[in-house]
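What follows is a short report on a single structure.
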Amino acid sequence: MYPPIKPYESGFFQGANSEKHQLYYEVSGNKEGDPVVFLHGGPGGGTDPKDRQFFNPEKYKIVLFDQRGAGKSTPSAELENNTTWDLVKDIEVLRQKLGVTKWHVFGGSWGSTLSLTYAQTHPDRVKSLVLRGIFTLRQSELRFFYQDGASHLFPEQWEGYIAPIPESERHDMMKAYHSRLNSPDENIRLAAAKAWAKWEMATSRLIVSEDAVAQADKDDFANAFARIENHYFVNEGFMRDGQLLEKQEIDKIRHIPTIVVQGRYDVVCPATTAWALKRTWPEITLHIIPDAGHSSREPGIEKKLVEAADIMASKGL
């Protein structure tokens, strides 16, 4: 990772077609550099200052922003007018605001979903893609993590995840959580949000990170993270099942240089999805990291993501 840096510009911009949503953004690195936009995970996860460090600050003009309802964006955890397609429009609003013609797009987990969606919608605006932990929002992927799959690998953490849900409702965990995450009772809402967030934080690394798990106990983070994720997932990402992997959609972006970094033991976004992308789109470069899980903070994933960003900067796209 590159050394920590501070943004030279930051502020808020109004979300596309929405007076309610005010989105935080920041720009760091080289003012005249090659623009790159970082798309965070979740949805609802928000950005972190360390996210700037994937990029060479001498080469890149580094753009980070918090998606609707996430991070510093307001109102926090807001679900109204919060869909995949709203976020795609927001990216375009930010691009135009910053006077960028084309930029590199970098995203992991849900950020990979949004990167693919944005690129397939605006292929003429994307110089390259660097993606991590491929997630395409298919029902099979959601079932594996939230219903039956990852539970076999993390049984003790699974106990905490199912605890807020009565046994009679556990046949559809996402639906059961949806009612609690939207409860008028703040205590019910927060208890559900923390259990939902803790499940993901506890399963995101090859070796469980207590610091990551502790983050799930923070009210604001858990509320935004859990409510927005669940909102997107019960609505199937506001797209057709498997849409991002369809040949006609991949054909729109087949020409875009793309590097994918995938942890072998990623249970949040298992490697089978990255492999499905590779089969549909053989032109991509796929790196499977043999000793990593899901998190971008895993050493092998961090290293390969920095290398991938360096490669894209050196191509002179």
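Any read-out appearing in this document is the output of simple, stated calculations on the displayed coordinates, not a laboratory observation. As the structure is a computational prediction, the values presented were derived from the model and not from experiment. Quick reminder, even Gly has a Cβ in these numbers, built from the backbone with ideal geometry, and neighbours come from all protein chains shown.
In a reduced charge model with +1 at each Lys and Arg Cβ and -1 at each Asp and Glu Cβ, the stretch 87-150 shows a dipole moment near 240 debye about its Cα centre.
In the distance distribution for the stretch 238-317, Cα-Cα pairs more than 17 Å apart total 53 percent. Take the Cα of Q139, step 7 Å toward its Cβ, do the same at I162, and the gap between the two points is 2.2 nm. Between D310 and K6, how high is the FRET efficiency from 1/(1 + (r/R0)^6) when r is the Cβ-Cβ distance and R₀ = 25 Å? Nearest 0.05. The formula returns an efficiency of 0.70 here. Taking the DSSP beta bridges with both ends in the stretch 1-149, the antiparallel portion is around 45 percent. Using the Cβ-Cβ distance between K252 and V208 with R0 = 25 Å, the FRET efficiency computed as 1/(1 + (r/R0)^6) comes to roughly 0.05. Mean-square fluctuation check for the chain, GNM, Cα pairs under 10 Å: which of G111, G99, G29 is largest? Comparing G111, G99, G29 in a Gaussian network model of the chain, the most mobile one is G99. Couplings 3J(HN,Hα) of the stretch 285-290, computed from phi: 9, 10, 10, 9, 7, x Hz, in residue order, whole Hz [Karplus 6.51 cos²θ - 1.76 cosθ + 1.60, θ = phi - 60°; x for Gly and Pro].
Spherically averaged projected area of the convex hull of Cα atoms, the stretch 114-256: 9.9 nm². Using a Förster distance of 41 angstrom, determine the FRET efficiency expected from the C-beta separation of L98 and L153, and round it to 0.05. It comes to 0.45. Just the number, please: percent antiparallel of the DSSP beta bridges in the chain, rounded to the nearest 5. Roughly 35 percent of the beta bridges in the chain run antiparallel, per DSSP.
Annotation for E80 and V234: the two label points, set 7 Å from Cα along the Cα-Cβ direction, are 1.8 nm apart. Tell me which label goes with the value of Cα extents along the principal axes in Å computed from the coordinates here: (i) 65, 44, 32; (ii) 57, 42, 39; (iii) 65, 36, 36. The calculated read-out lines up with (ii). Simple point charges give the picture: +1 on the Cβ of Lys and Arg, -1 on the Cβ of Asp and Glu, and for the chain a dipole about the Cα centre of about 920 debye. Please compute the contact order of the chain in relative form: average sequence separation of alpha-carbon pairs under 8 Å and at least six residues apart, divided by the residue count, as a percent. Relative contact order of the chain: 19 percent. Highest mean packing first, where packing is the average number of other Cβ atoms within 10 Å per residue, the peptides 53-62, 75-84 line up as 53-62, 75-84. The radius of gyration of the Cα set in the stretch 27-185, together with its Dmax, comes out at 18.0, 58 angstrom. Descending by average beta-carbon neighbour count within 10 Å, the peptides 197-209, 249-261 line up as 197-209, 249-261, the highest first. When each of the peptides 121-129, 159-167 is scored by the mean number of other C-beta atoms lying within 10 Å of its residues, the order from highest to lowest reads 121-129, 159-167.
Computed over the chain with a Gaussian network model linking Cα atoms closer than 10 Å, the most mobile of V63, V130, V93 is V93.
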